[in-house]
1. Please give the Cα centre distance for the range 165-184 versus the range 24-51, rounded to the nearest Å.
2. Arg340 versus Leu54, label points 7 Å from Cα toward the beta carbon: distance in nm?
3. Under the Karplus relation 6.51 cos²θ - 1.76 cosθ + 1.60, θ = phi - 60°, what is the ordered set of whole-Hz ³J(HN,Hα) values for the range 166-178, x standing for Gly and Pro?
4. Computed FRET efficiency, Cβ-Cβ of Ile297 and Gln77, R0 51 Å: what is it to the nearest 0.05?
5. With a point put 7 Å past each Cα toward its Cβ, work out how far Ser152 is from Ile372 in nm, to one decimal.
6. Within the range 60-82, whose backbone N sits under 20 Å from a point 7 Å along Cα→Cβ of Lys6?
7. Take the Cβ-Cβ distance between Lys386 and Gln333 as r, set R0 to 41 Å, and report the resulting FRET efficiency rounded to the nearest 0.05.
8. Based on DSSP loop calls and a cut-off of at most 14 other Cβ atoms within 10 Å, the longest stretch of the chain free of exposed chymotrypsin sites (Phe, Trp or Tyr not before Pro) is what?
Amino acid sequence: MNTIKKISSKEILNLLDNREFFSIKNSLNEMNGVDIATLFSTIPTEQLLLLYRLLKKDLAAETFVEMSPETQKELIQGFSDQDLEILLTEIYADDLADILEELPAGVVSKIISKADPDMRKDINLLLNYPEDSAGAIMTTEFISMSRNTMVSDAFEWIRTHGDDRKDVYTCYITDENRKLQGITTVREMLLQKNNIQISEIMDTNVISVNTHDDREDAARIFDKYNLHVLPVTDSENRLVGIITSDDVIDVIQEEVTEDFEKMSAMVPSNDSYLNMSVLKQVRNRLPWLLILMFSSIFTGIIINHYEAAFETLPVLVALMPMLSDTGGNCGSQTSTLIIRGMALNEINIQDFLKVFWKEFRIGFLVGVVLAITNGVRVMIQYRNLKIAIIIAITLLLVTIVSKLMGAILPILAKTVNLDPALIASPILTTIVDICAVWIYFKIAFSILRL
């Protein structure tokens with residue numbers, strides 16, 4: 001297998017100093033657009049436009065799509081009218097719409113003013129859909145033909161217009177009102193005679209989504225049916241676009257990142273870590289940290305209420321972290337599995353009782369093992385039977401409660417249209433800590449008769 005040597009930014013700059021533009025052009029045009037975009041992120045701004053103009057038209061558009069919004073903005077500000085026109089002829093409408101959402105209004109106006117009426121219409125259509133909808137991530141460049149089209153005519157149309165379409169493998173059959181009637185593929189047509197009509201080989205059982213369906217639902221349909229492209233229709237079943245696999249990968253990546261941020265008690269952001277300013281990082285992290293910090297007031301109230309237990313047996317304080325940590329870990333285990341199950345549609349709100357009963361049994365069995373293990377340890381370490389019994393009973397109850405909370409809270413969040421990821425650690429851990437401390441001292445007071 002032949003491997004393409006990637007040129008480094010240092011080598012690029014040395015070649016620029018020596019004005020060896022031909023060598024630079026050859027090296028860049030042998031690279032992938034993604035790799036060039038990464039390379040350009042390390043190049044000084046004043047050299048960027050010159051290097052970009054050395055790329056082939058199609059490669060330049062591919063590279064531009066993969067650049068960060070900051071680099072795109074720098075390039076556009078230096079673009080001539082001709083540069084913009086070339087970009088707009090090579091870039092797909094859905095990619096351009098995604099780019100425009102990240103750019104300042106003045107830069108957006110400059111681009112839109114150079115777009116042809118059809119491109120402008122497509123961009124406005126895509127930008128008007130809700131951000132999390134299937135319509136917002138679709139592309140309007142697809143192959144559509146009537147049911148009476150002959151296979152030979154279909155291939156001729158693809159040869160003529162396919163270069164402007166994002167996907168040429170899948171062909172959609174629509175009527176005169178653009179209503180979706182069926183689907184076929186280039187493979188199916190290749191296996192047929194030229195004088196066969198598309199209607200004879202098309203599949204009328206078409207899987208599609210509506211423009212206002214959630215983009216996560218579209219991604220799940222992709223996964224469920226192993227698709228590489230998904231048609232998007234409006235409320236009247238008219239074909240308005242398609243979602244391709246690269247769009248779905250972007251959705252999955254963004255949703256996973258958003259869930260991780262929510263599970264870590266941060267405000268979600270589309271910016272990369274290095275491109276986000278310190279102040280914005282602080283704004284994203286501080287609100288939930290303040291909320292969680294003040295939630296510790298409840299734990300303090302419980303501890304103050306049972307301070308007599310500390311005076312009688314100070315060892316109770318030393319054992320508190322173990323109980324709280326165990327409860328938090330148990331709850332996090334369960335919530336992670338439940339949130340994943342809900343994201344994959346394996347668990348629904350209707351499964352509440354099934355999940356409750358299953359986690360109760362899991363919590364009981366896990367709790368028994370933890371209770372016996374730690375009860376024996378405490379007995380050996382402190383030689384106090386009452387303390388060992390307190391720890392054993394507390395661990396059993398805390399484990400059960402934590403498992404149930406880890407299961408119930410994400411489902412309850414879903415019923416009130418909240419993201420279940422919000423309930424995950426550390427919010428769940430904070431709630432479990434409060435419950436663990438309360439259970440601990442209730443049991444201690446009962447057994448020690450304080």
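The values are calculated or read from the model by the stated rules, or taken from the named source; none is laboratory data. No experiment lies behind these values; they were computed from the predicted model shown. With ideal geometry, Cβ positions are generated from the backbone for all residues, glycine too; neighbour counts draw on all protein chains shown. Protein only, heavy atoms only, side chains kept; ligands, DNA and RNA dropped before computing areas. Shrake-Rupley method; radii C 1.70, N 1.55, O 1.52, S 1.80 Å.
1. 37
2. Taking the simple label geometry, Arg340 and Leu54 are separated by 4.7 nm.
3. 6, 9, 10, 7, 9, 10, 9, 9, 10, 8, 5, 9, 6
4. Here the calculated transfer efficiency is 0.50.
5. 8.1
6. 60-72
7. Plugging the Cβ-Cβ distance into 1/(1 + (r/R0)^6) gives 0.85.
8. 274-450
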